[in-house]
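Structure, as structure tokens:
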Amino acid sequence: MTITIPHWINGAPYEGSPTHRIPVENPATGQVEAELLAASDQDLDHAVAVARAAQKKWAKVSLAKRTAIMFKMRELVLANQDELARSIVAEHGKDYNDAIGEIQRGRETLDFACGINAAMKGEYSYDISSGVDIHTVRQAVGVVAGVCPFNFPVMVPMWMHPIAIATGNAFILKPASPTPTASMIIARLYKEAGLPDGVFNVVAGDREVVSSILDHPGIDAVSFVGSTPVARIVQERGTTSGKRVQALGGANNHAIVMPDSDLEFAAQHIAAAAFGAAGERCMALPVVVAVGGCGEKLAELVKQSGEKIKVGNGLDEGVQMGPVISKKAQQRIVGLIDDAEQRGARVVLDGRGLEVDGHEDGFWVGPTILDDVPLDAPAYHQEIFGPVLTIVHADTYADAIKIVNDSPFGNGSAIFTNDGGVARRFTLDVEAGMVGVNVPIPTPVAYYSFGGWKDSLLGDLHIHGPEGVLFNTRLKAITSRWPSERGTYSATMSFMREE
Ligand code: NAD
């Protein structure tokens with residue numbers, strides 16, 4: 001019997017009146033394992049009403065109590081990470097160890113939220129005029145919705161909800177339809193942690209429910225992570241209806257490899273960054289710009305690492321890379337490789353046609369390396385979101401940084417070099433929000449914020465960390481004067497007169 005995945009509203013699973021059911025596949029088997037209910041507008045209205053009522057009370061709960069719940073939640077996520085990881089593998093396909101790694105990176109934001117009291121401190125100035133003081137507080141925005149992509153079912157929502165909740169908001173999570181189960185586990189764990197009902201809710205569905213979220217007058221802010229075309233819709237529609245919006249988009253991260261770098265070290269790290277999670281990471285490394293003729297040797301070394309990667313069902317022993325998310329994604333990725341080859345790219349490692357024993361219906365693409373890819377090939381300039389590394393060549397650093405900065409995306413970028421001066425110049429020249437020096441996936445830890453530049457982030461605030469606190473709170477400046485200090489109005493204060 002197919003499992004039904006409901007929503008989570010007011011501290012319990014909620015079926016409501018779904019508009020339709022969305023099949024949820026296991027990408028390693030190609031089988032439909034569950035059906036996700038798509039929320040109707042009435043279901044969303046119910047979730048918003050519940051969240052608004054809960055938020056009014058939650059915002060008044062002391063910081064000490066709020067952070068105690070976050071500490072408990074952190075413990076529960078650790079204790080239940082096997083269940084969470086298995087749900088990620090079953091719906092996303094990434095290997096088990098990678099799923100555990102994802103949970104760990106997500107949990108860092110819970111760690112940060114445990115210390116939210118320090119991050120919410122205001123400022124105070126006294127006697128700005130005679131007997132007049134000013135101070136600032138940051139207060140919750142109200143009801144925050146989070147719209148998430150399929151590729152990090154635990155981590156990306158966890159970039160959002162711990163900070164939204166710890167700062168006093170109620171949260172409505174719209175998980176990606178291919179990977180919804182982890183959100184239901186998280187909802188159950190928040191309840192166990194003692195979070196009042198209605199503060200964390202899950203409302204599932206596809207683009208229709210997102211449109212309703214963007215238009216809903218009861219939602220004050222929307223955090224979005226996903227592809228750039230959708231980020232643009234979310235940013236425009238959400239802000240038009242008066243919401244605070246941050247919309248993190250897609251990516252096509254480039255690394256420059258200088259000829260002085262340790263090529264073996266670079267190749268190992270580039271292989272992991274290009275092929276890990278089947279390339280389905282916004283911080284994956286799909287493009288290398290090889291400078292000064294080092295590309296051919298680099299391609300050979302990356303190939304040696306890439307061909308050792310064991311591809312299979314993410315729950316099987318020793319598997320290091322799983323399938324891609326869907327048949328459609330598999331066909332799109334293979335189509336981009338075919339097209340690049342026809343345009344003259346050299347296929348150094350070919351993952352097309354990969355079969356995995358016992359999993360004939362899975363959505364497989366093996367690690368692939370395309371060398372000498374023309375810059376007008378879609379495999380170079382589009383986001384592939386698959387296990388494909390494209391290599392392009394440049395004569396000088398100046399040519400290479402131009403290629404990098406001509407990309408409309410600016411999520412992450414890295415340089416491999418042994419020259420500190422070149423590295424320093426790169427960190428200042430590159431137009432990207434997250435930059436690595438001999439670090440191919442420079443994802444900031446949670447007490448820094450995460451976000452790209454250009455088409456990789458619409459809106460001005462990065463996610464989680466200090467900028468996450470700014471996004472989830474509003475500043476209030478309070479100017480006060482107490483005439484009773486001079487004893488003017490209070491008979492009982494007469495002993496303070498200074499005659
Ligand atoms: P997606 O943009 O297709 O979907 C993201 C969310 O938007 C989902 O919840 C989906 O239901 C909803 N959605 C899809 N189409 C919509 C529409 N027309 N109107 C309203 N809502 C819509 O992204 P995806 O395929 O789930 O995830 C992969 C993408 O996410 C990649 O582009 C990847 O780079 C990006 N991503 C970015 C980051 C980042 O931090 N910048 C992190 C992870 C993933």
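None of Ala85, Ala28, Ala53 is in contact (Cβ under 8 Å) with a residue 24 or more places away in the chain, in a helix (DSSP H, G or I) and out of contact with any strand residue (DSSP E or B) (no Cβ under 6 Å at 6 or more places or on another chain) except Ala53. For the stretch 88-109, which residues satisfy the criterion of being in contact with a Pro (Cβ under 7 Å, 6 or more places away or on another chain) and assigned to a helix (DSSP H, G or I)? Scanning the stretch 88-109 gives Ile88, Glu91, His92, Thr109. Identify the residue in the stretch 194-224 that is within 10 Å of the ligand (Cβ to nearest atom) and surrounded by fewer than 18 Cβ atoms within 10 Å (Cβ to Cβ) and, among all such residues, is nearest to Phe471 (Cα to Cα). So, considering only residues that are within 10 Å of the ligand (Cβ to nearest atom) and surrounded by fewer than 18 Cβ atoms within 10 Å (Cβ to Cβ), the one nearest to Phe471 (Cα to Cα) is Ser211. Scan the stretch 287-305 and tell me whether some residue there is more than 16 Å from the ligand (Cβ to nearest atom), among the acidic types (Asp, Glu) and either buried (at least 24 other Cβ atoms within 10 Å of the Cβ) or modelled with pLDDT of 95 or more (or both). Checked against the condition, which is being more than 16 Å from the ligand (Cβ to nearest atom), among the acidic types (Asp, Glu) and either buried (at least 24 other Cβ atoms within 10 Å of the Cβ) or modelled with pLDDT of 95 or more (or both), the stretch 287-305 yields at least one hit. A single entry from Thr239, Thr228 fulfils the requirement of being under 30 Å from Val373 (Cα atoms) and not assigned by TED's automatic domain parsing to the domain that holds Val392: Thr228. Screening Ile333, Ile270 for residues that are in a helix (DSSP H, G or I), within 16 Å of the ligand (Cβ to nearest atom) and either in contact with a strand residue (DSSP E or B) (Cβ under 7 Å, 6 or more places away or on another chain) or aromatic (Phe, Trp, Tyr) (or both) leaves exactly one candidate, Ile333. Figure legend. Inter-residue proximity from the stretch 182-208: first residues on the phi > 0 side of the Ramachandran plot, second residues assigned to a loop (DSSP other than H, G, I, E, B), beta-carbon distance below 6 Å, spacing 6+ or different chains. Indicated pairs: Gly198/Asn10; Gly205/Ala39.
Among the conditions (1) closer than 27 Å to Leu354 by Cβ; (2) surrounded by 24 or more Cβ atoms within 10 Å (Cβ to Cβ), the only one that Gly250 does not satisfy is (2).
Filtered by the rule that a residue be closer than 18 Å to Lys454 by Cβ and buried (at least 20 other Cβ atoms within 10 Å of the Cβ), the stretch 230-239 gives Ala231, Val234, Gln235. Being more than 29 Å from Ala49 (Cα to Cα) and without any contact (Cβ under 8 Å) to a residue 24 or more places away in the chain is a property that Glu123 has.
Is it the case, given these coordinates, that Leu315 is within 16 Å of the ligand (Cβ to nearest atom), in the same structural domain as Tyr397 (by TED's automatic domain parsing), aliphatic (A, V, I, L, M) and not in a helix (DSSP H, G or I)? So Leu315 does not fit the description; no. Can you pull out every residue in the stretch 144-157 that is part of a helix (DSSP H, G or I) and either in contact with a Lys or Arg (Cβ under 7 Å, 6 or more places away or on another chain) or near the ligand (Cβ under 9 Å from one of its atoms) (or both)? Residues satisfying the conditions are Met155, Val156. Screening Val324, Val356 for residues that are assigned to a loop (DSSP other than H, G, I, E, B), out of contact with any Ser or Thr (no Cβ under 9 Å at 6 or more places or on another chain) and within 16 Å of the ligand (Cβ to nearest atom) leaves exactly one candidate, Val324.
Residues that are within 16 Å of the ligand (Cβ to nearest atom) and either outside any strand (DSSP E or B) or touching a helix residue (DSSP H, G or I) at 6+ places or on another chain (Cβ under 6 Å) (or both) do occur in the stretch 336-348.
Answer yes or no as to whether Thr2 is of a type in the set (S, T, N, Q) and at pLDDT below 95. Spelling it out, Thr2 is indeed of a type in the set (S, T, N, Q) and at pLDDT below 95.
Looking at Met258, Met184, which one is outside the structural domain of Glu33 (by TED's automatic domain parsing) and aliphatic (A, V, I, L, M)? Selected residue: Met258, the only one of Met258, Met184 that is outside the structural domain of Glu33 (by TED's automatic domain parsing) and aliphatic (A, V, I, L, M). Look at (1) assigned to a loop (DSSP other than H, G, I, E, B); (2) within 14 Å of the ligand (Cβ to nearest atom) and you find that Ala277 fails only one, number (1). Scanning the stretch 303-312 for residues that are among the charged types (D, E, K, R) and not in a helix (DSSP H, G or I) gives Glu307, Lys308, Lys310. Here Ser227 passes the criteria (1) surrounded by 24 or more Cβ atoms within 10 Å (Cβ to Cβ); (2) over 20 Å from Arg66 (Cβ atoms) except the one numbered (1). Per the listing Gly131, Gly115, Gly101, the residue uniquely surrounded by fewer than 19 Cβ atoms within 10 Å (Cβ to Cβ) and within 16 Å of the ligand (Cβ to nearest atom) is Gly101.
Go through the residues of the stretch 229-251 one by one and say whether even a single one is touching a Pro at 6+ places or on another chain (Cβ under 6 Å) and either on the phi > 0 side of the Ramachandran plot or within 14 Å of the ligand (Cβ to nearest atom) (or both). No, the stretch 229-251 contains no residue that is touching a Pro at 6+ places or on another chain (Cβ under 6 Å) and either on the phi > 0 side of the Ramachandran plot or within 14 Å of the ligand (Cβ to nearest atom) (or both). Among the criteria (1) part of a helix (DSSP H, G or I); (2) under 22 Å from the mean Cα position of the chain (by Cα), the one Glu300 does not fulfil is (2).
The values are calculated or read from the model by the stated rules, or taken from the named source; none is laboratory data. On a predicted model such as this, the values are computed, not experimentally measured, just so you know. So basically every Cβ, Gly included, is an ideal-geometry build from the backbone, and we count neighbours across all protein chains shown.
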